[in-house]
Amino acid sequence: MVTKNFGMNTFVRSSRGLRTLPTAMQAQAVEAVRQQAKDRISQIDTERPVSPFLIDTFARRHDYLRISLTERCNLRCFYCMPSEGVELSPNENILTDEEVIRLATLFVRNGVTKIRLTGGEPTVRKNIVDIVGRLNELRQLGLRSIGMTTNGIALRRRLPSLVANGLTHLNISSMSDHFCGSCNRLRLTADGQIKVCLFDAKEISLRDQMRQGASDEELLQTVGYAVRGKNEKHAGMEDIDVVTNRPMILIGGASMKSLNKKKRSSLSYLNSRPHQPHRNTTTGPRPFSTCSTARSDATRDRLTHIDDTGRPAMVNVSTKEVTKRTATALGRIYIPKSAYDLVTSAEALPDTSDTNVTKTATQKAVDKARSKGNVLTVAQLAAIMGCKRTSDLIPLCHPLPLSHISVSLSLDGPRSVERSRGLEEFTTSGPDVRHASELNDRPPFSIVCQATVSCEGKTGVEMEALTAVSVGLLTVWDMLKAIAGREMVIGDIVVQRKEGGKSEDFVRN
């Protein structure tokens, strides 16, 4: 007979198949497994002693170190990211690779056997694979496992290399019940603060000490002081300090404000070196911050819809204020004279509705185009409908409550010789020489589509205006393709005017 445990149910395989054990026997089996785990942990503790610096006043042995590699994340989970966003630390405040490895080595030499990499999201750190490989070299000092907590988004391309370099454990981010009585964890934030409890606001900066020349022994003394100050247990979840403590995502990060700065300063140094508190010199949100303040010059050239890992991401507008926003876009479809005549006047072309008359190919094409209805009216309706579906067509656009959409389509007569010459003179220098030639090769007639869109929202409506124009012009092409499908050209689609929001208004000359 063989006993197996699958989740909460225990089964016994006998000659008559699987049968469920009684509840009392299940409890005994589960307890037996737990006792085996405890015995194994005790055996490991005996084999691998822990330095007194990593044992707190409640005799808890801290052989598990969680290292945050970054504050950044490619998700915005509600339990991790405050609704108002966070300000990220300057890059120079984040631990370098060398500093991470130095501190990891110090902890392993003193009894840490398990290291888990966290964040933020650890996989957004560009050299995460190399860091895992260097941590793997600490096995000769007693390290037994290298784990990582991740949201899994970037794992598809990184996991093989991570495993090859020594990653042994992986879990997806989640909340868990407290385990204060047996807690063996210490945390190292991305900016080099040691936290002995996730829910305790007190921190001590190992980064600052390292950068002022502290020895490993001095760092160890600081670690020991922090560990000895660890409470027996943290508060109940309803009483957790969320005012002075970091939000979850910044267990990888930024400087806390007001009272918490004072708390940290009083704990920063335990040796004779004068304390030089870190000053955050940033004047606004840094790249990848979710703060609502206007972007700095350093972020203006960054693609806002690409995250730190190079994957597409929707911009977070939750912290922006609702304001009135308006945008106007223009575009043009160039058409030949036959299409122009069909649109301007039914009398301009012969009536070919008589079924007894033998029709030419051109007449048949005209009939087909006419059968679709009034070109400009259908295109106008299509533009309005397309504008309202922008977020369905463009995957990273926010759905917006549009308050007004105005679309007009107008005919533009043939370009004059003078106009063509002027256009050529304006565009035949530098890289636009070929473009000038292409413009002059286009059909001489055109239809101009203009769309103005307004809303009360948190983000602009330029994309809605551009989508309206694009859909309107595509509809014109569809309506006229029977007689001019090979000659029509769509182009010159631009935002002509933009108003509202924190970025500057503009009008295209």
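The values are calculated or read from the model by the stated rules, or taken from the named source; none is laboratory data. Fair warning: this is a prediction, and the values are worked out from it, not measured in the lab. Counting neighbours? That spans all protein chains shown, and the Cβs are built from the backbone with ideal geometry, glycine included. Note: accessible area is taken over every heavy atom of the protein model, side chains too, but ligands, DNA and RNA are not part of it. Shrake-Rupley method; radii C 1.70, N 1.55, O 1.52, S 1.80 Å.
Observations on the structure shown:
- Residues that are farther than 13 Å from Ser454 by Cα, in contact with a Gly (Cβ under 8 Å, 6 or more places away or on another chain) and part of a strand (DSSP E or B), drawn from segment 386-417: Leu409
- Residue within segment 430-445 that is at pLDDT 90 or above and in contact with a strand residue (DSSP E or B) (Cβ under 8 Å, 6 or more places away or on another chain) present: yes
- Hits in segment 51-65 (condition: open to solvent by 30 Å² or more (accessible area, probe 1.4 Å), not aromatic (Phe, Trp, Tyr) and not in a loop (DSSP other than H, G, I, E, B)): Pro52, Ile55, Arg61
- Enumeration of residues in segment 448-471 that are hydrophobic (A, V, I, L, M, F, W, C) and not in a loop (DSSP other than H, G, I, E, B): Val448, Cys449, Ala451, Val453, Cys455, Met463, Ala465, Leu466, Ala468, Val469, Val471
- Some residue of segment 196-212 being modelled with pLDDT under 85, surrounded by fewer than 18 Cβ atoms within 10 Å (Cβ to Cβ) and among the polar types (S, T, N, Q): no
- Note on segment 464-509: among residues that are closer than 25 Å to Phe445 by Cβ and touching a Phe, Trp or Tyr at 6+ places or on another chain (Cβ under 6 Å), the one that is surrounded by the fewest Cβ atoms within 10 Å (Cβ to Cβ) is Val489.
- Pairs, first more than 20 Å from Ser145 (Cβ to Cβ) and touching a residue at least 60 places away in the same chain (Cβ under 8 Å) in segment 93-116, second basic (Lys, Arg) and assigned to a helix (DSSP H, G or I), C-beta under 7 Å, six or more apart: Leu95/Arg207; Glu99/Arg207
- Condition met for Glu232 (of a type in the set (Asp, Glu) and either touching a helix residue (DSSP H, G or I) at 6+ places or on another chain (Cβ under 6 Å) or at pLDDT 55 or above (or both)): yes
- Verdict on Glu84 being touching a helix residue (DSSP H, G or I) at 6+ places or on another chain (Cβ under 9 Å), of a type in the set (Asp, Glu) and at pLDDT below 95: no
- The condition (being open to solvent by less than 20 Å² (accessible area, probe 1.4 Å) and more than 23 Å from the chain's Cα centre (by Cα)) is satisfied by just one residue among Leu162, Leu106, Leu141, Leu117: Leu106.
- Any hit, segment 89-99, residues being over 19 Å from the mean Cα position of the chain (by Cα), part of a helix (DSSP H, G or I) and within 23 Å of Arg48 (Cβ to Cβ): no
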